[in-house]
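Participant: Here it is: the structure, laid out below.
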Amino acid sequence: MDNAIFGHRSIRKYKNQPIPDKILEYILEAASRASTTGNMQVYSIVVSTGAEIKKQLWESHFKQEMVKEAPVVLTFCADFNRFVKWCKMRDAQPGYDNFLSFMTAAIDALLAAQNAALAAEHKGLGICYLGTTTYMADKIIDILELPKYVVPITTLAVGYTNEDPGLTGRLPRRAIVHNEKYQDFSPEEIDSLYHDRENSAFTKELLKINDKATLAQIFTDNRYSKKDNVHFSQQLLEVLKKQGFMNNK
Ligand SMILES: Cc1cc2nc3c(=O)[nH]c(=O)nc-3n(C[C@H](O)[C@H](O)[C@H](O)COP(=O)(O)O)c2cc1C
């Protein structure tokens, strides 16, 4: 498992080679062993392997090639549908049509996803998360026919790797770990924490290609702009309303 954690790198190119059923079963079983709130398991995993459904998903995932290439695409969903049905059948009044319940289910889904990712990597497969899941949740709901109380949270492309990228860098651990209480950052500490990342050859190339003065501008202006964030936030809030999670009264 050490290899899976410390050897992890996202894989975006896959061989045209199916995953044996036994290995897929292992990955899904590993996902199901994740902790969940109250052991309610309020998430679900949609397994897509067919070319036609993957093509539809690919369109929604901004045409990222790995969605078509990977033999297996796993969509992890926040899911209160099953649980609400069970409650109603057992003379119990469900109170899960609210934002907190959505967060509960989304957390369950993410923990299961990371278990699946580690299990796949442990078996020598490559994985990549797809953040486009929440951007395009409305389209993915239609494609996968997700009922009320089900919202796609994240997607994993899984398959045999057809590339060998190196490990990506990380910020120094002091950027993310605080002892006892949060210690806020001075401008000098911010300079120091981002120094290596800002001065890598990779960043210098990115700045040239994107014609930007700083790495931060590539995030704010190109990759995750305010305009896009507001647009996709509005879309996601509509999805939460439509799927029944915004009756906060
Ligand atoms: C929630 C989430 C969404 C992501 N979405 C995408 C994506 O849509 N496309 C992509 O190529 N990589 C995506 N990634 C992969 C990240 O870019 C990658 O994890 C990060 O750059 C660190 O690289 P590493 O995973 O190789 O260590 C996503 C990762 C996470 C955790």
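Participant: Could you please give the count of residues in segment 118-136 that are within 15 Å of the ligand (Cβ to nearest atom), over 30 Å from GLN234 (Cβ atoms) and part of a helix (DSSP H, G or I)?
Facilitator: Final tally of qualifying residues: 3.
Participant: What residue, among those in segment 177-236 that are part of a helix (DSSP H, G or I) and of a type in the set (Ser, Thr, Tyr), is farthest from THR134 (Cα to Cα)?
Facilitator: The qualifying residue farthest from THR134 (Cα to Cα) is SER192.
Participant: Mind listing just one residue for me: the one in segment 76-86 that is more than 29 Å from CYS128 (Cβ to Cβ) and surrounded by 15 or more Cβ atoms within 10 Å (Cβ to Cβ) and, of those, farthest from the chain's Cα centre (by Cα)?
Facilitator: It comes out as VAL84.
Participant: Another question about this same structure. Among the residues of segment 58-75, what is the count of those that are more than 10 Å from the ligand (Cβ to nearest atom) and either part of a helix (DSSP H, G or I) or surrounded by 17 or more Cβ atoms within 10 Å (Cβ to Cβ) (or both)?
Facilitator: 11
Participant: Conditions first: (1) more than 16 Å from the ligand (Cβ to nearest atom); (2) over 12 Å from VAL158 (Cβ atoms); (3) out of contact with any strand residue (DSSP E or B) (no Cβ under 6 Å at 6 or more places or on another chain); (4) not small (Gly, Ala, Ser). ASN115 passes all but one, so which condition is the exception?
Facilitator: Against the list (1) more than 16 Å from the ligand (Cβ to nearest atom); (2) over 12 Å from VAL158 (Cβ atoms); (3) out of contact with any strand residue (DSSP E or B) (no Cβ under 6 Å at 6 or more places or on another chain); (4) not small (Gly, Ala, Ser), ASN115 comes up short only on (1).
Participant: A further question on this structure: Residues in segment 121-174 that are among the charged types (D, E, K, R) and within 30 Å of ASP191 (Cα to Cα): how many?
Facilitator: We begin by selecting, within segment 121-174, every residue among the charged types (D, E, K, R); these are 121, 123, 138-139, 142, 145, 148, 163-164, 170, 173-174.
Those left that are additionally within 30 Å of ASP191 (Cα to Cα): 170, 173-174.
Residues meeting the conditions: 3.
Participant: What single numbered condition from (1) farther than 28 Å from LEU236 by Cα; (2) more than 14 Å from the ligand (Cβ to nearest atom); (3) part of a helix (DSSP H, G or I) fails to hold for LYS85?
Facilitator: Every condition holds for LYS85 apart from (1).
Participant: What residue, of THR154, THR104, is in a helix (DSSP H, G or I) and among the polar types (S, T, N, Q)? Break it down into steps so the answer makes sense when it comes.
Facilitator: Numbers: THR154 fails: in a helix (DSSP H, G or I).
Going through THR154, THR104 in turn, just one is in a helix (DSSP H, G or I) and among the polar types (S, T, N, Q): THR104.
Participant: Can I ask one more? Quick check on my filter: what residues within segment 2-32 are charged (D, E, K, R), surrounded by 13 or more Cβ atoms within 10 Å (Cβ to Cβ) and either within 20 Å of the chain's Cα centre (by Cα) or within 16 Å of the ligand (Cβ to nearest atom) (or both)?
Facilitator: ARG9, ARG12, LYS13 - these are the residues of segment 2-32 that are charged (D, E, K, R), surrounded by 13 or more Cβ atoms within 10 Å (Cβ to Cβ) and either within 20 Å of the chain's Cα centre (by Cα) or within 16 Å of the ligand (Cβ to nearest atom) (or both).
Participant: Output the residues belonging to segment 35-67 that are under 18 Å from LEU125 (Cβ atoms) and of a type in the set (A, V, I, L, M, F, W, C).
Facilitator: Across segment 35-67, the qualifying residues are ILE45, VAL47, MET66, VAL67.
Participant: Continuing with this model, one more query. Among residues belonging to segment 137-180 that are aliphatic (A, V, I, L, M) and more than 24 Å from GLN234 (Cβ to Cβ), point out the one that is farthest from the ligand (Cβ to nearest atom). It would help to see each step written out before you state the result.
Facilitator: Here is the first cut: in segment 137-180, the ones aliphatic (A, V, I, L, M) are 137, 140-141, 143-144, 146, 150-151, 153, 156-158, 167, 171, 175-177.
Then keep just the ones that are more than 24 Å from GLN234 (Cβ to Cβ); that gives 156-158, 167, 171, 175-177.
Details: LEU156: 10, ALA157: 9, VAL158: 14, LEU167: 7, LEU171: 11, ALA175: 15, ILE176: 14, VAL177: 18 Å.
Top of the filtered list is VAL177.
Participant: Taking ASN16 as meeting all but one of (1) outside any helix (DSSP H, G or I); (2) touching a helix residue (DSSP H, G or I) at 6+ places or on another chain (Cβ under 7 Å); (3) more than 19 Å from THR132 (Cβ to Cβ), write down the number of the exception.
Facilitator: The single condition ASN16 does not satisfy is (2).
A short reminder: the numbers here are calculations on the coordinates, not readings from a lab. Because the structure is a prediction, the values reported are computed rather than measured. Positions of Cβ are generated from backbone atoms using ideal geometry, with glycine treated the same way; all protein chains shown enter the neighbour counts.
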